[in-house]
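The values are calculated or read from the model by the stated rules, or taken from the named source; none is laboratory data. Small disclaimer: the values here were computed from a predicted structure and weren't measured. When we count neighbours, we look across all protein chains shown, and the Cβ atoms used for this are built from the backbone with ideal geometry, even at glycine.
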Amino acid sequence: MQQSVFISGAAQGIGAEIARLFYQQGYKVGIYDINEVQAQALASTLGKHAKAGYLDVSHYQQWQIALQQFQHWAGELNILVNNAGILHSGAFENTDILAHHRTIDINIKGLLNGCHAALAHLQQASFARVINLSSASAIYGQADLASYSASKFAVRGLTEALDVEWQKYNIRVLDVMPLFVHTSMVNNMDAGSIQHIGVSLSAADVARQVLHLARQKDHALLATHTPVGIKTKLMYQLSNLSPQFLNRITNLLLSRKK
């Protein structure tokens with residue numbers, strides 16, 4: 001049976017690249033986004049095995065409707081990719097509180113909604129997996145990205161918890177942790193870390209890693225967290241080896257704006 005993937009926030013950026021790659025590899029692809037017009041346009045360019053729809057991930061009922069429609073169309077839900085996310089950068093106190101709240105609504109509540117609403121569908125599938133988009137910002141809290149970084153720590157924590165909890169259903173819950181990626185999200189980003197580290201990853205780099213995790217059949221071989229890119233892998237390993245005060249000093253240096 002042809003496997004399927006449901007991707008939130010899939011109309012552009014990393015989500016769209018994931019949709020294209022999975023479609024090329026023979027999956028039935030669900031392209032769901034708050035920008036339904038753009039999602040529909042992408043589905044039309046891909047072909048008959050792509051389905052688009054509207055989804056504001058912060059609304060649980062919309063998840064229920066979208067997933068039910070998708071499963072009816074695809075036959076079963078195999079891979080859920082929680083990709084939808086937003087980013088606000090700059091000094092914490094200079095960012096409107098509603099922007100901070102919206103970050104939590106999309107990046108945390110959206111993922112909670114997706115996992116919770118999808119479980120019943122995943123349990124019915126012959127093969128099921130959840131892949132969440134985390135970030136290198138979940139390695140250590142990032143200055144000028146405070147609420148975004150906090151949201152990705154939540155993604156990391158929820159991924160770890162559900163990866164253990166859902167073993168009883170034979171469902172792995174994994175995440176990918178890229179550093180800065182060439183998408184509109186990082187355009188004009190106001191954070192010292194991006195000035196020092198730069199942007200070296202493409203959306204295609206992340207999409208390939210998501211596909212790799214989706215295709216691995218042996219659950220035991222998969223790590224819960226997968227850093228994407230050489231810089232992220234180095235940061236991830238060093239954070240595990242270094243004392244906390246050294247991690248803090250490193251991040252202080254990286255946060256200084258040029």
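Structure data summary
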| quantity | calculated |
| --- | --- |
| Residue list for the range 196-214, restricted to those being modelled with pLDDT of 90 or more and β-branched (Val, Ile, Thr) | 206, 210 |
| Selection within the range 125-148 - part of a loop (DSSP other than H, G, I, E, B), touching a helix residue (DSSP H, G or I) at 6+ places or on another chain (Cβ under 7 Å) and surrounded by fewer than 24 Cβ atoms within 10 Å (Cβ to Cβ) | 128, 140, 141, 142, 143, 144 |
| Residue list for the range 22-31, restricted to those being surrounded by fewer than 20 Cβ atoms within 10 Å (Cβ to Cβ) and touching a residue at least 24 places away in the same chain (Cβ under 8 Å) | 25, 26 |
| Any hit, the range 51-69, residues being among the aliphatic types (A, V, I, L, M), under 16 Å from the mean Cα position of the chain (by Cα) and modelled with pLDDT of 95 or more | yes |
| Residue that is farthest from residue 118 (Cα to Cα) [pool: residues in the range 39-78 that are assigned to a strand (DSSP E or B) and either of a type in the set (A, V, I, L, M, F, W, C) or in contact with a strand residue (DSSP E or B) (Cβ under 6 Å, 6 or more places away or on another chain) (or both)] | 50 |
| Top-ranked residue in the range 12-38 [being of a type in the set (Gly, Ala, Ser) and assigned to a helix (DSSP H, G or I); ranked as nearest to residue 51 (Cα to Cα)] | 19 |
